[in-house]
1. Looking at the structure I just gave you, is Gly188 open to solvent by 40 Å² or more (accessible area, probe 1.4 Å), more than 30 Å from Ala297 (Cα to Cα) and under 18 Å from the mean Cα position of the chain (by Cα)?
2. Of the residues Thr244, Thr249, which single one is modelled with pLDDT under 85, β-branched (Val, Ile, Thr) and crowded, with 18+ Cβ neighbours inside 10 Å?
3. Among the candidates Ala272, Ala222, Ala263, which residue alone is open to solvent by less than 10 Å² (accessible area, probe 1.4 Å), small (Gly, Ala, Ser), over 28 Å from Lys185 (Cα atoms) and not in a loop (DSSP other than H, G, I, E, B)?
4. Would you be able to tell me the number of residues in the stretch 241-271 that are of a type in the set (Lys, Arg) and more than 19 Å from Val63 (Cβ to Cβ)?
5. Among the candidates Gln147, Gln114, which residue alone is over 24 Å from Gly289 (Cα atoms), surrounded by 16 or more Cβ atoms within 10 Å (Cβ to Cβ) and not β-branched (Val, Ile, Thr)?
6. Taking the stretch 275-292 only, how many residues are under 23 Å from Val167 (Cα atoms) and either open to solvent by 50 Å² or more (accessible area, probe 1.4 Å) or modelled with pLDDT of 95 or more (or both)?
7. Being within 24 Å of Val167 (Cβ to Cβ) and either over 20 Å from the mean Cα position of the chain (by Cα) or open to solvent by 10 Å² or more (accessible area, probe 1.4 Å) (or both) narrows it down to one residue among Ala106, Ala97; which is it?
8. In the stretch 197-219, what residues are touching a residue at least 24 places away in the same chain (Cβ under 8 Å), open to solvent by 10 Å² or more (accessible area, probe 1.4 Å) and among the small types (Gly, Ala, Ser)?
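The values are calculated or read from the model by the stated rules, or taken from the named source; none is laboratory data. This structure is a prediction, so every number in the text was calculated from the model and none was measured. A quick note on method: Cβ atoms are made from the backbone with ideal geometry, for glycine too, and the neighbour counts reach across all protein chains shown. Side chains included, ligands, DNA and RNA excluded: accessible areas come from the protein's heavy atoms. Shrake-Rupley method; radii C 1.70, N 1.55, O 1.52, S 1.80 Å.
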Amino acid sequence: MRLPNLMRGLLATATLALGAVAAHAAWPERPVKLVVPFPAGGNVDAYARLLAPALSAELGQPVVIDNKAGATGAIGVEAVIRAEPDGYTVLLGNITAVVSNAIGDAPKFAPLKQLIPVCTLIDGDVVVFAPSRLGVRTPAELKALAQKSSAPLTYGSSGAGSIAHMVMVQLTDALGIKATHVPYKGNGQFMTDLLAGHIQLGAADLPNSSQHVKAGALVPLAVGGAQRFPELPDVPTTRELGITKPSFTAWSGLLLPANTPQAIVSRLEAAAQKASQDPKVREFSSTNGNHAVFRNAAQARQVIAEGVQDWGDFVRSTPAMINSR
């Protein structure tokens, strides 16, 4: 018996749809690449190296880290945007890589159109430091020094438009002092120059600087966020200094290329939530200025949308940011 053409077409479509569902349900069937858009050794990379084996245990396949550094994280993000939307290329992005590159007059990409947020896993805040040789220990002392100085102070960050750069702009504006930004390609050279006194100020996450604080070489002046760090109980937050917006929370989380099937997004979201409870991952997420904060896909999308809006408004309204980009 011959089937009418319409019925044959419907059967073929149904067969393909069932095959696609089965393929997505079986994901992953081979190793998954976790793209870290920063060099090895930083806070995001260190977290990735603990998360990867925990995520691998949940997914049943190896999770391989691929560091694609450069352009304040944009190179790694763009590599994921261009990847096949099959779930085998995942981005471990953060607010600097995903949000700061999506704002300004020439945004490099549109994260909520070209990527799918899966979840956020960890929050962290940057700390503003001065080398001990500068002789200041509080924001008030920094303001007094700057007002007496015949030339603007200089400060460094891991790159123009990074969250560390934005924190420094807001802090110097709030204190009413002039300072010149010196951008670096990463935290390594920046930290070397800060310790040597070639620049007077800088901002970085605590894991990249805690050893220098303990050694007395760096003095923490402010924490860029709403909560004081247990490791630095006497250091005020930027919120205490009157800076409330935009948020300085430096989240890190997982994202996939646009058009990745929802079944894969949901599977990765569930696996990531379980992996985030691994004891080693949890310990890292609760020390050195980090906070374990799991946000699901919908919540992660909202955080990114708010970041693009708030930080975009800040950049557009702040001359120091406009001139640096």
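1. Here the answer is yes, as Gly188 does meet what is asked.
2. Thr249
3. Exactly one of Ala272, Ala222, Ala263 is open to solvent by less than 10 Å² (accessible area, probe 1.4 Å), small (Gly, Ala, Ser), over 28 Å from Lys185 (Cα atoms) and not in a loop (DSSP other than H, G, I, E, B), namely Ala272.
4. Result for the stretch 241-271: 1.
5. Gln114
6. The qualifying residues number 3.
7. Numbers: Ala97 fails: either over 20 Å from the mean Cα position of the chain (by Cα) or open to solvent by 10 Å² or more (accessible area, probe 1.4 Å) (or both).
The conditions single out Ala106.
8. Within the stretch 197-219, Gly197, Ser210, Gly216, Ala217 qualify.
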